[in-house]
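Visitor: One structure is given below, represented as structure tokens, and several questions about it will come after.
The values are calculated or read from the model by the stated rules, or taken from the named source; none is laboratory data. Owing to the predicted nature of the structure, the values given are computational and were not obtained by experimental measurement. Cβ placement follows ideal geometry from the backbone for every residue including glycine, while neighbour counts extend to all protein chains displayed. Surface accessibility is based on the protein's heavy atoms, side chains included, excluding ligands, DNA and RNA. Shrake-Rupley method; radii C 1.70, N 1.55, O 1.52, S 1.80 Å.
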Amino acid sequence: MSLVRGTELFAAARKGHYAIGAFNTNNLEWTRAILGASQELNLPVLIQTSMGAAKYMGGYELCQQLVEATIKSMNITVPVVMHLDHGNFEAAKAAIAAGYNSVMFDGHDLPFDENLEKTKEIVALAHSKGISVEAEVGSIGGTEDGVTGEGELASVDEAKQLAATGIDYLAAGIGNIHGQYPANWKGLNFDRLKEIADAVEQPLVLHGGSGIPQDQVEKAISMGVAKLNINTECQLAFAKATRQYIEAGKDKVGKGFDPRKLLLPGTNAIKDTVKEIDGWMGTRPVKMVPEEL
Ligand code: G3H
Ligand code: ZN
């Protein structure tokens, strides 16, 4: 088992009241850390690139091939979903062409009717190739990779309309924010989450997972969230471990400046973060892989 689409994995997760981690990658080290941690835990994982990360790394094809080749070279046997995170219309089409298994078309900043129409187009194109689709209703607060959302609560009616396009999973704004949460953050809006979960059968996606307290994440998962997106927590862990290495002067000892040594503490810190957050995802069945895969 290696690269798979997300449809069956996340549907089984919502049904079973657990979640699967969706971690952003930025380079080879990130990719190895996420895949290595998931293999050690024997858990499926979704690895995703934002549009900015894909541009930084050299494009969608390179990202797809990097993940595929890394799975092979590391002998990864757990299911892995290669996903585009917060893609615009063009990016979603490009990631589909490059062979991603799953794409998020994020039309939250468009007039709703346009978001709906473009989501339909992406669903038709992606499904014709067996690729899964995530859509977004109501924006996620904060800024990620230059994409800023005000953090509005998703409308239940709009969530239903987007779900009816045949998307495979739905990201809904429920007070969640990308990046670090302000001290006066009110917390997730569980009333709205319940209304959306009652109205929509698709697995729900919780963005901005890094700063949400564990108990709120667990409650959200028990209510229908099946995909938990994590980016900032890995970035902070990487930066902190690298800073500690340099502040301790280890880059000045022997060949400590060699990137293979310099990047190692940060890479291990990402691995530890993935493992820690995977512990929040609810009780998973012994057999994680649905029959259909
Ligand atoms: O799409 C990615 C995420 O929503 C990550 O959010 O950076 O707050 O963990 P985060
Ligand atoms: Zn997000």
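Visitor: Between Glu90 and Leu28, what's the calculated FRET efficiency when r is the beta-carbon distance and R0 is 25 Å? Round to 0.05.
Guide: 0.45
Visitor: Considering the chain as a Gaussian network with a 10 Å cut-off on Cα pairs, which listed residue, Arg260, Arg192, Arg32, attains the greatest mean-square fluctuation?
Guide: Top of the fluctuation ranking is Arg260.
Visitor: Now a separate question. If I model a spin label at Glu61 and Glu117 as a point 7 Å from the Cα along the Cα→Cβ vector, what separation in nanometres do I get?
Guide: Each label point is offset 7 Å from its Cα along the Cβ direction, giving 3.1 nm.
Visitor: Quick one: of Lys15/Lys55; Lys15/Lys160; Lys55/Lys160; Lys55/Lys252, which pairs are farther than 26 Å apart, Cα to Cα?
Guide: Correct reply: Lys15/Lys55; Lys55/Lys160; Lys55/Lys252.
Visitor: Calculated from DSSP H runs of 4 or more alone, at -39500 (n - 2.57) each and per residue, what is the 222 nm mean residue ellipticity of the chain, nearest 500?
Guide: -14000 deg cm²/dmol
Visitor: Right, here's the next one. Using only Cα atoms, tell me the angle between helix 7-16 and the longest principal axis of the chain; keep it within 0 to 90° and round to the nearest 10.
Guide: Tilt of helix 7-16: around 80 degrees.
Visitor: A follow-up question, please. Probe radius 1.4 Å, ligands and nucleic acids left out: which of Ser102, Ser73 has the largest accessible area, and how do the rest follow?
Guide: I get Ser73, Ser102, largest accessible area first.
Visitor: Next question. With the chain treated as a Gaussian network of Cα nodes joined by springs under 10 Å, which of Ser128, Ser155, Ser222 yields the largest mean-square fluctuation?
Guide: Ser128
Visitor: Where the centre of each part is set by its Cα atoms, how far does region 87-128 sit from region 251-281, in angstrom?
Guide: With region 87-128 and region 251-281 each reduced to a Cα centre, they are spaced 34 Å.
Visitor: Could you give the alpha-carbon Rg of region 172-217 over 2.2 N^0.38 Å, rounded to two decimals?
Guide: Cα-based Rg divided by the globular estimate yields 1.16.
Visitor: With the full set of protein chains in place, find how many percent of the accessible area of the chain is carbon and sulfur; take the probe as 1.4 Å.
Guide: Ligands and nucleic acids excluded, carbon and sulfur reach 51 percent.
Visitor: Let me ask another. Sorting His17, His108, His83, His127 by accessible area (1.4 Å probe), largest first, what list results?
Guide: Putting His17, His108, His83, His127 in descending order of accessible area: His17, His127, His108, His83.
Visitor: Right, another one. Roughly what would the spin-label model give for Asp198 and Asp157, points 7 Å off Cα along C-beta, in nm?
Guide: Taking the two extended label points, one gets 1.7 nm.
Visitor: Also: In debye, nearest 20: dipole of the chain around its Cα centre with unit charges on the Cβ of K, R (+) and D, E (-)?
Guide: That gives the chain a dipole magnitude of about 1220 debye.
Visitor: Going through region 153-233, which GluC sites (Glu not before Pro) have at most 16 other Cβ atoms within 10 Å and a DSSP loop state?
Guide: Sparse-neighbourhood loop GluC sites (Glu not before Pro): Glu201.
Visitor: In Å and whole numbers, how far do the C-alpha atoms of the chain stretch along each principal axis, longest first?
Guide: Here the Cα extents, ordered largest to smallest, are 62, 44, 38 Å.
Visitor: Placing +1 on the Cβ of each Lys and Arg and -1 on the Cβ of each Asp and Glu in the chain, which of Ile277, Leu263, Ala220 has its Cα farthest towards the positive end of the resulting dipole?
Guide: Highest projection toward the positive end goes to Leu263.
Visitor: Provide the per-residue ³J(HN,Hα) series for region 60-75, in order, calculated from phi with Karplus coefficients 6.51, -1.76, 1.60 and θ = phi - 60°, each as a whole number of Hz, with x at glycine and proline positions.
Guide: These are the phi-based 3J(HN,Hα) values: 5, 4, 4, 4, 4, 5, 4, 5, 4, 5, 5, 4, 5, 5, 8, 6 Hz.
Visitor: Using +1 at the Cβ of each Lys and Arg and -1 at the Cβ of each Asp and Glu in the chain, identify which of Met74, Met288, Ala239 lies farthest towards the dipole's positive end.
Guide: Going by the charge dipole, the pick is Met74.
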